[in-house]
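Peer 1: Please see the structure below; I have some questions.
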Amino acid sequence: MGREKMLDIRENKTGCLQIKLSELLYLCFWSLMLFAKGIGLYDGQNVYKIFLVASFMCIIGKMCITEYSYKEWVVMLFLLALSTVVYRVSGEKGVLICMVTVTAMKNVSVKRAFGVGLVVWTAAMGGRFLASLVCIESVQTAVQTKNISGAVLRYFMGYPHPNVLHISYLILAAFSIYCVKETYNWKHLLILSAGNLLLFFYSYSFTGALTVMAYILLSYYVRKKRISKAEYFLVRLVFPVCILFSIIFPIILEGKAFEIADKIFNNRIHLARHFLTLESMSLFGNNLAAITTDVITMDNAYIFALVTYGIPIFLLICAGYLTIVSSYVKQKKNIELAMICCLLLAGITEPFLFNTSFKNLTLLFIGEGLFAALRDKEEGRKETAILKNWDKEIAIPLHGLRKMEDGLRNMWCAYKSVILGIGTVAAFGLSILTGIFYQVRPEVLAVQKENLLVFERIRVVVTVFSLGFIVTVMITSAVYMIVLRKKLLDGKE
C-alpha cells in the first residue's frame, strides 16, 4: 500500500501534512461522531449529547469559513432548513446528522475522510470490544433461538443490540476495503473473514455475518474481474429493488405470497404494512416515539426514512442514490459501487442508513457528488464565505509517523515469516489448552438450553485463538523492532 493511497496526503518539503482549516474541522466532526458510535453511545445519553454538540460546533465553524457560490448557498440552506423542519416534527436527530454530513462536504477529500475514519473506528470499536471482553461477566446478553442453530447466547459487547455489533464490523470492513482499494487482495479477504467469524460467535447475527461476507467477496470480485455492461445494469437496479422489497411489496402482496415473504424477512413485511398507510404519509414526517413501541418497530431503513422524515426527504434520498450510482457506473468506480450496493441491501433489514447510528458511509459519496454537480453547472462563479480569509492552510508535522512507518515496514519485510509462525503456534497452543481446561461460567450454566454450551465453548476457543495470535504477533514484532533498531545503531557506530 502506497503512502498516498491511505490518506491522500499532500506533504511539503519538511514532511508536513498541508490541510485547509475547513477540511480539518469537517474531519473533527467526522471523527467525533464516529468515535461516539464506535464505543457504543446512542441518542439520549448525556455523553452522546456532548459529542453531538462538539461535532456540530466543528461543522458550524467549517461552514462559516468555507467559500460557497450563490447556488451552493441556496441549495445548502434549503436542505438544512428542510431537515430542521423535519427534525422538529419527527423528533429524530438522524435527519439533521445525515443532511449535515452531505451538505458540509465541499472541499473535503473522501479518501482522507475514509483514512481518518478507519483509524478512529478501529480504535473505538476495538477498544469497546476488548473492554467488554475484560468485563465479559457484566456484558449484557440475551438467549435467542435461531432456526439454524437453535438456542444461542448473544453478547451485546457494549452496543445497544448484537445486530449493531455486527453492523459495526461491516462498517470496519468498508473502511478497510476502501483504504486499501486497488491493493485489496486475498490476504485482506482472509483477515476480514476471520474477524467476521469471531464477531459472529458473539452477535450470532446471521444476517450481519452474511452481509459482511457478501460485501468482502463482492469487493474482491470487482477488484479482480472486468465488470460487464450486464453487471453494471444489475448494479443500477439495486436501489429500485430495495424500494420494491421495502415499500411496494408490503402494499401489493396478498395471501400466500405475503405469508412467505413475511416469514423470509422475519415478520418485517407485516410490520412494514402497519406503517405504510395513507395516514402515515406526510410532507414533514411523523413523531417516531408516537408510532412505534418495543414490539412494533421499524427495522427497514427505507420505511424509516419515508414514514419518519416524510415524502420530500425520501424523494431526495432516492434522487441522491440513483444519481450517484449512475455517475459511479459511468466512472467505473467498482469498489465504491460494491460498498453502496451492500449497504443499501443491508438497509432492507436494518434501519442504520438514515438514523442517528452514523454508519452510512455512502453519504460521503453523495456529498461529494452534490458539490461536483453544482460546480460543473457554474462557470466563472463568485464564491464568498461568512468569515472571509479564515480558511488558512495548516501544516501538521508527520516526520515522526513516517519514521515509525518506515521502521515497521523494514522490520516486517525482514521477519514476517518468523513472526507469523510464532503467532500461529502460540495461538494453536493457547486454544487447545483453553478447550481442555475451560470451565463454563455459572451464569451461563443457569441459562443452559439445547446446544448453547457447545457454542459457548466454541466462542471462547475462537476468541483465545484470535487474540492469542494478535497479541503474540504484536509482542514478537516489538521484540524484532528493538533488535532491528539495535542493529542499525551498531551499524552507525
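Peer 1: Let me confirm something: among Val212, Val180, which residue is open to solvent by less than 50 Å² (accessible area, probe 1.4 Å), aliphatic (A, V, I, L, M) and at pLDDT 95 or above?
Peer 2: Unique residue meeting the criteria: Val212.
Peer 1: Could you check, for the range 345-352, whether at least one of its residues is under 28 Å from Gly91 (Cβ atoms), at pLDDT 95 or above and open to solvent by less than 10 Å² (accessible area, probe 1.4 Å)?
Peer 2: Taking every residue of the range 345-352 in turn, none turns out to be under 28 Å from Gly91 (Cβ atoms), at pLDDT 95 or above and open to solvent by less than 10 Å² (accessible area, probe 1.4 Å).
Peer 1: Going through the range 28-64 one residue at a time, which ones are part of a helix (DSSP H, G or I), open to solvent by 10 Å² or more (accessible area, probe 1.4 Å) and touching a helix residue (DSSP H, G or I) at 6+ places or on another chain (Cβ under 6 Å)?
Peer 2: Scanning the range 28-64 gives Cys28, Ser31, Leu32, Phe35, Phe51, Ala54, Cys58, Gly61.
Peer 1: Suppose we filter Arg226, Arg236 for residues that are charged (D, E, K, R) and in contact with a helix residue (DSSP H, G or I) (Cβ under 7 Å, 6 or more places away or on another chain); which single one remains?
Peer 2: Arg236
Peer 1: Quick check: anything in the range 387-397 over 30 Å from Val462 (Cβ atoms), open to solvent by less than 20 Å² (accessible area, probe 1.4 Å) and touching a strand residue (DSSP E or B) at 6+ places or on another chain (Cβ under 9 Å)?
Peer 2: no
Peer 1: Let me ask something additional. Residues of the range 98-151 being aliphatic (A, V, I, L, M) and part of a loop (DSSP other than H, G, I, E, B), which ones?
Peer 2: Answer for the range 98-151, where residues must be aliphatic (A, V, I, L, M) and part of a loop (DSSP other than H, G, I, E, B): Ala104, Met105, Val108, Val139, Ile148.
Peer 1: Still on this model: Condition first: in contact (Cβ under 8 Å) with a residue 24 or more places away in the chain, surrounded by 17 or more Cβ atoms within 10 Å (Cβ to Cβ) and of a type outside the set (A, V, I, L, M, F, W, C). Now tell me which residues in the range 75-92 satisfy that.
Peer 2: Result: Ser83, Ser90, Glu92.
Peer 1: Which count do you get for residues in the range 312-358 that are in contact with an Asp or Glu (Cβ under 8 Å, 6 or more places away or on another chain), touching a residue at least 60 places away in the same chain (Cβ under 8 Å) and under 16 Å from Leu237 (Cα atoms)?
Peer 2: Qualifying residue count, the range 312-358: 0.
The values are calculated or read from the model by the stated rules, or taken from the named source; none is laboratory data. Values in this document were obtained by computation on a predicted structure and should not be read as measured data. Ideal geometry is used to build each Cβ from the backbone, glycine not excepted, and the neighbour counts take in all protein chains shown. Surface accessibility is based on the protein's heavy atoms, side chains included, excluding ligands, DNA and RNA. Shrake-Rupley method; radii C 1.70, N 1.55, O 1.52, S 1.80 Å.
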